[in-house]
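The values are calculated or read from the model by the stated rules, or taken from the named source; none is laboratory data. These numbers were taken from a predicted model, which means no experiment stands behind them. For neighbour counting, all protein chains shown are included, and Cβ atoms are generated from backbone atoms with ideal geometry for every residue, glycine included. The accessibility values were calculated without ligands, DNA or RNA, using every heavy atom of the protein model including side chains. Shrake-Rupley method; radii C 1.70, N 1.55, O 1.52, S 1.80 Å.
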Amino acid sequence: MAMAVRFMAGLTKFQTSPENMDDLADIVISLETTDEERLIESLHWMLETQNPTFIQRLMGYKEKTFKCSGTVLNPFDLHVLGYCIANSSTLWSVDLEYCHLTDECMRMLFLVEDGKAFDHITSFSLSSNTITASVASLLGMMLKENNTLKELNLALCKLQPEGLEEVIKGVQVNTKLETLVLSYNTIDNKRASCLAHALKHNTTLSELSLEECGLRDEAICELCGGLKWCKLKKLDLSFNPFGDQGAKGLADMLKDHPTLEELRVWGCEEMSDDGVQYLMDAMMSKTRVKMLTLDKMYKHLIVPQELPGTIVYSNFASSRGARTTQAKICGSKALCAAILWFVQVAYPILYLSFGLGFQVVNVVGTLATPRATIREPATPPHPLPGMLDRMYTAVAANALTFRIVQDEQKLRMQASLTNSGQVRY
């Protein structure tokens, strides 16, 4: 595809009408590739065209999504990507998860074309890339000015407290963002208070994921002060080390929240049965919560029949360490099962197959060997010794045949000489 785009780049210097641009774009789209590295290489050839119409058609051809997860990108790749995104009004989603982006790469993406790269994007993911405070400041500025972004994924970005605060300030002013993922980033009490303040002013956020952010009781209580004023529908607080005090704060928030429908708190191992009871009692009130996800360790609790919502028990263990141990146990069981299957099923089949194969070779060798009969056991005790025996027998048979032929030739020669009188006794 990259070479096709480069060839079209040369044609665009002479074919400049919109109709010709559409025709050229259709040709390249027909050469669609799923290789991320070749896709990045194609962006470089797109840049050569310097033609927004051509780039716009090419950038939006694949389900309105540009996904380059796991591909290592350099600063120039991000400059080219930013230029192509800025000149495309049909591209809606950009996924750069785990691309090993450096500070220079991210600054290049946010600053290219005067920051116009995000004027049309509705979904953006930088998950599993390290974001420093300087890059987080640029991200916060983008959120303050952006009017199209609806989904932002910053999970596993190792956000520093100062950088996280800049992002939260951008969320506070943003008027379009609906889904925010900050999972696996440490949020202390001060940043939790800052996030609560932002939620009081944000009127569009409907989904918030704070899984494994190190939120304790005090941070949860600070967060609940802002949650009761926002319009969230889904909140994920799984694997946070808060206890009964935090659960009580969540229960008080649920009683007054007008829109929250789903709450996930599974894996919160510091929370006791009393904390879960607080949440169930909150669901018994006039709350709108329809689904509460808990850890299976609380399954022994009695759920009231008149509970308006649904209690979902997670199938995973209640902590990361336990889940890791469970995964190791499952892996050991799978290995044992595989070995047992090989011994009971695969090995007999392979042994019989090799035995049958060697028998076929034995029959063919017997038919092809002249004046010699090879007699072997019907089933050799082991394939390798049987093969060596057959090789030895075949060689011996050939040697015997050669000797018989030599003896016959000598007898014929003596007989002919005797008949001619040349041999005298």
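Here is the figure for the range 61-78: residues that are more than 18 Å from the chain's Cα centre (by Cα) and either in a loop (DSSP other than H, G, I, E, B) or surrounded by fewer than 20 Cβ atoms within 10 Å (Cβ to Cβ) (or both) total 7.
Condition check: modelled with pLDDT of 90 or more and open to solvent by 40 Å² or more (accessible area, probe 1.4 Å). Does residue 162 satisfy that?
Details: modelled with pLDDT of 90 or more: yes; open to solvent by 40 Å² or more (accessible area, probe 1.4 Å): yes.
Against the criterion (modelled with pLDDT of 90 or more and open to solvent by 40 Å² or more (accessible area, probe 1.4 Å)), residue 162 qualifies.
Please indicate, with yes or no, whether at least one residue in the range 189-196 is open to solvent by 60 Å² or more (accessible area, probe 1.4 Å), basic (Lys, Arg) and over 30 Å from residue 274 (Cα atoms). Scanning the range 189-196, I find no residue that is open to solvent by 60 Å² or more (accessible area, probe 1.4 Å), basic (Lys, Arg) and over 30 Å from residue 274 (Cα atoms), so the answer is no.
Filtered by the rule that a residue be crowded, with 16+ Cβ neighbours inside 10 Å and part of a loop (DSSP other than H, G, I, E, B), the range 179-188 gives 182, 183, 184, 185, 187, 188.
Residue-wise test of (1) out of contact with any Asp or Glu (no Cβ under 8 Å at 6 or more places or on another chain); (2) without any contact (Cβ under 8 Å) to a residue 40 or more places away in the chain.
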{"residue": "153", "(1), (2)": "no, no"}
{"residue": "162", "(1), (2)": "yes, yes"}
{"residue": "167", "(1), (2)": "yes, yes"}
{"residue": "180", "(1), (2)": "no, yes"}
{"residue": "186", "(1), (2)": "yes, yes"}
{"residue": "191", "(1), (2)": "no, yes"}
{"residue": "195", "(1), (2)": "yes, yes"}
{"residue": "201", "(1), (2)": "yes, yes"}
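When restricted to residues that are open to solvent by less than 10 Å² (accessible area, probe 1.4 Å) and either part of a loop (DSSP other than H, G, I, E, B) or modelled with pLDDT of 95 or more (or both), the range 199-214 contains 5. Among 37, 104, 151, which is the only one that is at pLDDT below 90 and open to solvent by 50 Å² or more (accessible area, probe 1.4 Å)? That would be 37, the only listed residue that is at pLDDT below 90 and open to solvent by 50 Å² or more (accessible area, probe 1.4 Å). When the criteria are applied in full, residue 178 fails the requirement of being closer than 21 Å to residue 269 by Cβ and among the acidic types (Asp, Glu). In the set (1) in a helix (DSSP H, G or I); (2) open to solvent by less than 10 Å² (accessible area, probe 1.4 Å); (3) at pLDDT below 95, residue 232 fails one condition alone, (1).
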